[in-house]
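One structure is given below, encoded as structure tokens.
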Amino acid sequence: MSKTWSLAALAVLAACASPPSGSPEVQSPQAFQDEQSKSPVLGLEFWVNDAKSPMRTRAENGRDEVETQIGTGEFEVRFPKRAKSDLALRMISWTDRTIFVLEPGMKFMDVQYLRPGTGMPDQRSGRMTLLLDADSENYYAESRVQKHSDDQEKVLFKRAEESPDLKVDSLFVTAVIDFNENETVDPGEYEYFKVRLVR
């Protein structure tokens, strides 16, 4: 085979391997622009594969929501070091915004997912599963929380529980830390998140 023919053949093969001109490219879900280093109220950060997930805050129905994203596997949530180990980070996770009901002054006893006995069981230590339930809370304190640095702690997750509705592309999370331990919803103690699921 001549050198000229070899080069021509290679050109034909390269053209066949390339997508046709004007055809749409298959793309992975694109991360949105990272606008803040942590959530503005509780200082939460979501991390996947040792990389911080992008984060931004948007107004939705008259309230602020922090938007971030995770995959379908392991991730972690980092937050400022608490004053004491039994001060819990509570995370309520569901498939829509019906859990965004907190208002300053509400008593925990009057909130369906903050009453005593609403904590959902999971691992006592190690990697957790972020469980879905509009009436219960994921309760992280003591051995469920690990040290990350001198001024940060973290909860390790093996995954977020999959919704039976596979069309769900985001989870909604209410995060609460009762800093003054008065069993009352106070400003600066709760935050709403929209967590996009990148599959």
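The values are calculated or read from the model by the stated rules, or taken from the named source; none is laboratory data. None of the values given here were measured: they were computed from a predicted structure. For neighbour counting, all protein chains shown are included, and Cβ atoms are generated from backbone atoms with ideal geometry for every residue, glycine included.
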Within the stretch 160-195, can you find the residues that are modelled with pLDDT of 95 or more and of a type in the set (D, E, K, R)?
Asp178, Glu181, Glu183, Asp186, Glu189, Glu191, Lys194
Within the stretch 16-102, considering only strands (runs of 3 or more DSSP E) that don't extend past its boundaries, which have at least 1 residues that are at pLDDT 95 or above and polar (S, T, N, Q)?
56-60, 63-70, 89-94
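Scan the stretch 166-199 residue by residue and report those that are of a type in the set (Val, Ile, Thr) and within 17 Å of Leu42 (Cα to Cα). I'd like the intermediate steps shown before the answer.
Going through the stretch 166-199, the residues of a type in the set (Val, Ile, Thr) turn out to be 168, 173-174, 176-177, 184-185, 195, 198.
If the condition is that a residue be of a type in the set (Val, Ile, Thr) and within 17 Å of Leu42 (Cα to Cα), then Val173, Thr174, Val176, Ile177, Thr184, Val185, Val195 are the ones that fit.
Just to be sure, is Glu142 touching a residue at least 40 places away in the same chain (Cβ under 8 Å) and out of contact with any strand residue (DSSP E or B) (no Cβ under 9 Å at 6 or more places or on another chain)?
Working: touching a residue at least 40 places away in the same chain (Cβ under 8 Å): yes; out of contact with any strand residue (DSSP E or B) (no Cβ under 9 Å at 6 or more places or on another chain): yes.
When the stated conditions are applied, Glu142 passes them.
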